[in-house]
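K.L.:
Here it is, the structure in full.
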Amino acid sequence: MNRFLRLFLSIAFVSVIIACADGVLGQTENQAVVCSPGAKFQKPKDGNSIISFGVLNARAIELVKPEFSAAARAVNVSGRVTIGILIDPCGRVYEAKKVSGHPLLVSNSINAARRSSFSPVTLSGKPIWVQGIIVYNFRPTKANWLQIGYWSDSAASLNDFLPGQFLTVRRELALDRDVEGSINLDHVKPLIIELIRNDLISEQKSLWLFDTGRTLNQLARSEDAAALARLRELLSSAPQDISPQLKNLLTSLSESGNRSEIDERRKTIEDRMYGLGQ
């Protein structure tokens, strides 16, 4: 067999292999995704093959609720935990990792995220890989006045955490129930806030913490120069028995120069609010 014939046959053989491979790959792409219990997928190496979404809670078929660990309950930890997840074409969580949240709440949140399942997302009729976040909100079993102030724009939170002796406030909250008996979550009358402040007038520390919590809430909702000025005013009149750590964190927050700094420093206080507000 001469050299040219051998070269021709080699090229023909390679062409057949490539054609067969193309046929198999094309068939795989067009076939429906098999989502049997044992089916496994390999994470795409090309990041462009993964579509990014935002919060994925609403797409969950089963959003597993994380357990409140004994360690977290012991110190009454609360707050928001954000878990980043990657979902395979069958809607199963392929990986989950921490984005933000208190360390005592993160481990159980990751475990819950991994056991959750989601509606598959399709692009041009084909199921695809999706990445996004799950947000868990851990509510405490009790709250101090810094926390109550921070949540005071929610009538439901006031109803849950205000001490029992605030009877006048509770009567006003009852008037805000809708026809089904649920607390109106979107509206807290200024009268209710004033009633709380009047009941705290003889408790200097509690009133200061309540007002500081409300100011932190205002900063969480918008970058407000008036809120930063109010925070500096509160710092100048802080009772002596306020936590030094809280004072230092509030001072740093009051000196923030931009939105990013405000959010980062406020979030640090939010994550430690139960301990700082004692």
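Read-outs: derived from the displayed coordinates by stated rules, not from any lab. Predicted model, so just to flag it, every value in this text is computed and none were measured. Note: ideal-geometry Cβ built from the backbone for every residue, glycine included; neighbour counts use all protein chains shown.
K.L.:
Along the stretch 234-250, what does the Karplus equation 6.51 cos²θ - 1.76 cosθ + 1.60 (θ = phi - 60°) give for ³J(HN,Hα), rounded to whole Hz, x for Gly and Pro?
P.N.:
Calculated HN-Hα couplings, in order: 5, 4, 5, 10, 5, x, 5, 8, 6, 3, x, 4, 5, 4, 5, 5, 5 Hz.
K.L.:
Using modelled backbone amide H atoms (1.01 Å from N, in-plane), which distant-in-sequence or interchain residues come within less than 5 Å of Glu95's amide H?
P.N.:
The list, which skips near neighbours in sequence, is Leu86.
K.L.:
From the phi angles alone, apply the Karplus equation (6.51, -1.76, 1.60; θ = phi - 60°) to the stretch 257-270 and give each ³J(HN,Hα) in whole Hz, x where the residue is Gly or Pro.
P.N.:
With the stated coefficients, the stretch 257-270 comes to x, 8, 4, 5, 5, 4, 5, 5, 6, 5, 5, 4, 5, 4 Hz.
K.L.:
Between Trp129 and residues 5 or more places away or on another chain, which pairs have amide H atoms under 5 Å apart, with H built 1.01 Å from N, and which residues are they?
P.N.:
For Trp129, the qualifying residues are Ile51.
K.L.:
Still on this structure, I have one more. Starting from the amide H of Ser100, placed 1.01 Å from N in the peptide plane, find each other amide H under 5 Å away whose residue is 5 or more places distant or on another chain.
P.N.:
Counting only residues 5 or more places away or on other chains, the set is Thr82.
K.L.:
Most exposed first by the Cβ proxy, i.e. fewest other Cβ within 10 Å, how do Asp160, Asp271 rank?
P.N.:
Least to most surrounded, the residues fall as Asp160, Asp271.
K.L.:
So what are the ³J(HN,Hα) numbers for the stretch 196-206, from phi and the Karplus equation (6.51, -1.76, 1.60; θ = phi - 60°), rounded to whole Hz, Gly and Pro as x?
P.N.:
Running phi through 6.51 cos²θ - 1.76 cosθ + 1.60 with θ = phi - 60° gives 5, 5, 5, 5, 9, 4, 8, 10, 4, 5, 4 Hz.
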